[in-house]
Each structure stands twice: as C-alpha cells, then as structure tokens.
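Some notes on the structure that comes next.
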Amino acid sequence: MTDAGNPTATPESPAVGSSTPSSEGSQDTTVGTLLTPPSDQPSSSEPTVPETYKLQLPDDSPLDTSALERVTALAKSLKVTTDESAQAIAQALHAEVASYQQGLMEANAKGGELWKARVSDMEKQALSDPDIGGTAERLQQSVQHSRQVLDRFGDASVRDFLEETGLGSSPALIKMLTRIYRAMGEDTFVVPSTSHKSQPKTLAERIYG
C-alpha cells in the first residue's frame, strides 16, 4: 500500500531524478580524454600480423636466405598482413641489389668507368716510378721491354687477361717484366718488325755473335 502524498519508486518505474544506462550511452573504452587516455586493449579492427610469411627469391638472386629473414622482420614492423605484400618487398629488394651488382660489373668491365679510372691511376703511378718511368720516353721504353718478355714467355690468354682487367698498365707488372728483360740481357731479345712474336738468339749467336 502506497501513501498518495509520498510516492515511492517501484521496480517498474524509476525514482524521479534517476537514470538508467542505455546501450547508446555506454562508455567507449577506445576513446579517451586529456586526463583519461584510451584503453590499451587493441581494437577489433587492428590487423592481424602473421608470425611468418611465404617468401622466395629468384634462383639467380644475389641475395641469400638471410635476406628473407630481414624482409620478414621489416614486413612485421610495417604490419603487413598478407604473403603477397611481403613477397613484393622481397622482390623489390632483389631487384635493387641485382641492379646495383649489374652496374658494378659493367663499371669494372673493360671500358667501364671504374676500369678507366683504375687504368688511368696505374699509368700515372708507372710514369712517376723512377725504375720504369720518370719521363714518358723512359716509360715507353720500359713498356716495350715488358712486351718483349711477355711475347716470349706469355701466350694469347695472358695478354687477353691483362687487357680485359686493365692490369697491363700495372706499374708492378711492368717493373717485374723490365727486370726480367735486364737480367736476361738485352741481346736475348730482338724488336719485332711485323710479327708480335720476338725470336730469341741462339746460344751460338749469343756466344760468338
């Protein structure tokens, strides 16, 4: 029984001034204020990053399998969620390294920029070396003597190697061949006229000249 002059709340009717929480007014723990930061719990929309990816490199790749480990670490840090996206990173890395390696090989090949710089540097060193150079004329004479030794004891494959690598301008090599020329005696060699092959004198010719 209820007093009409002093109404009280019933379970079916809340008291005056009170309110009940609704689904529309429920607290969003993912949104914070200046004094109350948002919850550290990840939201349901955060991507799921796998523990590993299915990655592979081309058979001719200059990279080894350790590169794939670095790609995996990078992909996880970027929160990559699919194998395809991680594989794209691996492919881009392969292409970049392969391109750099190809450019380096071309620069070091005969006529390349690094080949030219290396040969030019060796020629300057040879010219300034007092044993074989000092002047352009003396260096040219040392080169001529070196060629005669090379023609006698070397073959086409040696000359091709020296030409392709640029080591034919090495001051150390020219110095060594020049010393061989001097040690064997100047009369051992003849300057070739039309043939690249020099003919050494016989023992009788050397003795009885």
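Go over the candidates Ser157, Ser120 one by one and state the one that is surrounded by fewer than 13 Cβ atoms within 10 Å (Cβ to Cβ) and either under 26 Å from the mean Cα position of the chain (by Cα) or under 30 Å from Lys54 (Cα atoms) (or both). It would help to see each step written out before you state the result.
On the way: Ser157 fails: either under 26 Å from the mean Cα position of the chain (by Cα) or under 30 Å from Lys54 (Cα atoms) (or both).
Unique residue meeting the criteria: Ser120.
The rows are residues; the columns are (1) farther than 30 Å from Glu164 by Cα; (2) out of contact with any Cys (no Cβ under 7 Å at 6 or more places or on another chain); (3) among the hydrophobic types (A, V, I, L, M, F, W, C).
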residue	(1), (2), (3)
Leu78	yes, yes, yes
Thr81	yes, yes, no
Glu84	yes, yes, no
Ile89	yes, yes, yes
Ala92	yes, yes, yes
Ser99	no, yes, no
Gln102	no, yes, no
Gly111	no, yes, no
Restricting attention to the range 63-117, the residues that are of a type outside the set (Asp, Glu), under 14 Å from the mean Cα position of the chain (by Cα) and exposed (fewer than 14 other Cβ atoms within 10 Å of the Cβ) number exactly 9
Given the conditions (1) in contact with an Asp or Glu (Cβ under 7 Å, 6 or more places away or on another chain); (2) outside any helix (DSSP H, G or I), every one holds for Gly133 apart from (1)
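Can you tell which of Thr81, Thr72 is within 30 Å of Ser45 (Cα to Cα) and not in a helix (DSSP H, G or I)? I'd like the intermediate steps shown before the answer.
Working: Thr72 fails: not in a helix (DSSP H, G or I).
Within the list Thr81, Thr72, the selection yields Thr81.
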Cβ pairs under 6 Å, 6+ apart or interchain, first in the range 168-181 and of a type in the set (Ser, Thr, Tyr), second assigned to a loop (DSSP other than H, G, I, E, B), ordered by first then second residue, are Thr178/Ile132
Looking at (1) in a helix (DSSP H, G or I); (2) closer than 30 Å to Asp60 by Cβ, which is the only condition Ala126 fails?
(2)
Output for the range 109-123, where each listed residue is part of a helix (DSSP H, G or I), free of Cβ contacts under 8 Å to residues at least 40 places away in the same chain and within 15 Å of Ser169 (Cα to Cα)
Leu114, Lys116, Ala117, Ser120, Asp121
Residue hits (the range 51-62; farther than 30 Å from Thr165 by Cα and within 20 Å of the chain's Cα centre (by Cα)) are Gln56, Leu57
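None of the figures in this text is laboratory data; all of them are computed from the coordinates on show. This structure is a prediction, so every number in the text was calculated from the model and none was measured. Here the Cβ is made from the backbone with ideal geometry for all residues, glycine too, and neighbour counts use every protein chain on show.
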